[in-house]
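Comments concern the structure below.
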Amino acid sequence: MAVLDPVKLVLTNWDAVMGAGKLDDCSAPVHPHHPELGKRSFKIGKEVWIERTDFEETPPKGFFRLFPGNKVRLKYGHVIECTGCSKDAKGQVTEVQATLIPDTKSGTPGSDAVKVKGVITWVGVNDAVQAEVRLYDRLFKEAHPGTGEKDFMEELNPDSLKVVTAYVEPSLASVPAGQRFQFERHGYFVTDLIDHSTGKTVFNRVTGMKDSWGK
């Protein structure tokens, strides 16, 4: 899992339900179709990073992610219920708040007793790895550049490269250069051959994936 446009989610009743300062162990398969490859481990705590687009204060029709009063599952983790958000002076959301629903951890007895329509990816604030992620897109805005009357340079896509500061799972902290991974919901990425190194995590997007909500 990776969060490319992070906003902090705070589980306000974590201390009361799980214990102050406690971290809960979570795991997921290294590959969903090859159990022989084992599992990867990470932790969840009171604070996690989520995608900014996974929260809407006033949700449009068909939006099943986080909004006040709605429940979702943190993938491989617990079910939570959104209670609200905090904003800065410009009205931008700076934090999302939710409460943890007890006894709903994935893989435990009775975890599916609370039914939800939405599942979102996340990375724990405690063990997240900060990464530079380079989001490459098409170089030109036109399907057939250079065939019309426009100047060639006017057809360049100004958004052909976006560089963001992201958070990724702790298992990606020490992977070598040139290794390929799927970031759930985002697409396929490779560690940069030149700039990626121990202490500096750099990923390049190889190809994207269509988001189920279309955002």
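Where in segment 116-203 are there strands (runs of 3 or more DSSP E), lying wholly inside it, with at least 3 residues that are in contact (Cβ under 8 Å) with a residue 40 or more places away in the chain and under 30 Å from CYS26 (Cβ atoms)? Let's see the steps before the verdict.
Numbers: elements: 118-120, 129-136, 161-168, 180-183, 187-191.
Here the list reads 118-120, 129-136, 161-168.
Select from segment 7-39 the residues that are on the phi > 0 side of the Ramachandran plot and not in a loop (DSSP other than H, G, I, E, B) and list them in ascending order.
If the condition is that a residue be on the phi > 0 side of the Ramachandran plot and not in a loop (DSSP other than H, G, I, E, B), then no residue fits.
Check SER171 against each of (1) farther than 17 Å from ARG40 by Cβ; (2) buried (at least 16 other Cβ atoms within 10 Å of the Cβ); (3) touching a Lys or Arg at 6+ places or on another chain (Cβ under 6 Å); (4) modelled with pLDDT of 90 or more and name the one condition it does not meet.
In the conditions (1) farther than 17 Å from ARG40 by Cβ; (2) buried (at least 16 other Cβ atoms within 10 Å of the Cβ); (3) touching a Lys or Arg at 6+ places or on another chain (Cβ under 6 Å); (4) modelled with pLDDT of 90 or more, SER171 misses (1) alone.
When the residues of segment 28-60 are filtered to those that are surrounded by 15 or more Cβ atoms within 10 Å (Cβ to Cβ) and small (Gly, Ala, Ser), which remaining residue is modelled with the lowest pLDDT?
If we take residues in segment 28-60 being surrounded by 15 or more Cβ atoms within 10 Å (Cβ to Cβ) and small (Gly, Ala, Ser), then ALA28 is modelled with the lowest pLDDT.
Considering segment 100-115 alone, what residues qualify as being surrounded by fewer than 18 Cβ atoms within 10 Å (Cβ to Cβ) and over 22 Å from ARG40 (Cβ atoms)? Spell out how you get there, then give the answer.
Step one: filter segment 100-115 for residues surrounded by fewer than 18 Cβ atoms within 10 Å (Cβ to Cβ), giving 102-103, 106-115.
Those that are surrounded by fewer than 18 Cβ atoms within 10 Å (Cβ to Cβ) and over 22 Å from ARG40 (Cβ atoms): PRO102, ASP103, PRO109, GLY110, ASP112, ALA113, VAL114, LYS115.
Yes/no per residue for (1) more than 14 Å from VAL202 (Cα to Cα); (2) not assigned by TED's automatic domain parsing to the domain that holds ILE120; (3) not hydrophobic (A, V, I, L, M, F, W, C):
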{"residue": "GLU149", "(1), (2), (3)": "yes, yes, yes"}
{"residue": "LEU156", "(1), (2), (3)": "yes, yes, no"}
{"residue": "SER160", "(1), (2), (3)": "yes, yes, yes"}
{"residue": "GLU169", "(1), (2), (3)": "no, yes, yes"}
{"residue": "GLN179", "(1), (2), (3)": "no, yes, yes"}
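The values are calculated or read from the model by the stated rules, or taken from the named source; none is laboratory data. A quick note: this is a predicted structure, and the numbers were derived from the prediction, not measured. We place every Cβ from the backbone using ideal geometry, glycine too, and count neighbours over all the protein chains shown.
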